[in-house]
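Below is one structure, written out as structure tokens; comments come after it.
The values are calculated or read from the model by the stated rules, or taken from the named source; none is laboratory data. If you're wondering where the values come from, they're calculated on a predicted model, not measured in any experiment. Here the Cβ is made from the backbone with ideal geometry for all residues, glycine too, and neighbour counts use every protein chain on show. Keep in mind that these areas ignore ligands, DNA and RNA; they rest on the heavy atoms of the full protein, side chains included. Shrake-Rupley method; radii C 1.70, N 1.55, O 1.52, S 1.80 Å.
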Amino acid sequence: NKPFEKNVFPESGFDVVTMWDVIEHFTDPVSEIKKVYWYLKSGGLFAFSTTDPESFLAKVMGTRWSWYMEMHRVFFSHFAAKKYLEKTGFQKIIFKPHFRYLSLGYLATRFAAINPKVANILHQIFISTRIAGQIVPYYANDLYDCYAFK
């Protein structure tokens, strides 16, 4: 658990570097991508997840999109991520949908941004039927995983 700066770890010292829900918090994510490349061995993997500002949900929600928050400094579309990764030197880049696993009770509260009344009704139904704690896969098409190989 150290700062992610050059020369903290050996060059080409890692097979894999991951950043789950991290890259959107950097003020200069391109410099962070360059550091990742520097730290990876040849053939190494950089895997990250992030929000997708080009997603259907982001476009429909507009300024009410739940990922627009002060702590998120940048947003990478697939196109932008691919461009910066390739420019840095990454060879093979794969994008996949990012599934989350949430309780039905929590998921119901997330609908409040769209329709608070529906969210409340769903939440009450889930509580009364005792399934609010049931964990389900959830895909809103607004997050993605990226796998980039050096």
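Quick notes on this structure:
- Subset tally (residues that are of a type in the set (A, V, I, L, M, F, W, C) and either touching a helix residue (DSSP H, G or I) at 6+ places or on another chain (Cβ under 7 Å) or part of a loop (DSSP other than H, G, I, E, B) (or both)) for segment 128-150: 6
- Within this structure, A81 fails the test of being more than 13 Å from the chain's Cα centre (by Cα), under 20 Å from A140 (Cβ atoms), surrounded by 12 or more Cβ atoms within 10 Å (Cβ to Cβ) and modelled with pLDDT of 90 or more.
To keep it simple, each residue is scored yes or no on (1) at pLDDT below 95; (2) in contact with a Lys or Arg (Cβ under 7 Å, 6 or more places away or on another chain); (3) surrounded by 16 or more Cβ atoms within 10 Å (Cβ to Cβ).
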{"site": "V8", "(1), (2), (3)": "yes, yes, no"}
{"site": "V17", "(1), (2), (3)": "no, no, yes"}
{"site": "V22", "(1), (2), (3)": "yes, no, no"}
{"site": "T27", "(1), (2), (3)": "yes, yes, no"}
{"site": "P53", "(1), (2), (3)": "yes, no, yes"}
{"site": "H98", "(1), (2), (3)": "yes, no, yes"}
{"site": "A108", "(1), (2), (3)": "yes, no, yes"}
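- Test: residue in segment 33-50 that is buried (at least 17 other Cβ atoms within 10 Å of the Cβ), modelled with pLDDT of 90 or more and polar (S, T, N, Q): yes
- One residue stands out among those in segment 58-71 that are assigned to a helix (DSSP H, G or I) and open to solvent by less than 40 Å² (accessible area, probe 1.4 Å): the one that is modelled with the lowest pLDDT, which is M61.
- Members of segment 124-150 that are of a type outside the set (F, W, Y), open to solvent by less than 50 Å² (accessible area, probe 1.4 Å) and within 15 Å of Y106 (Cβ to Cβ): A132, V136, A140
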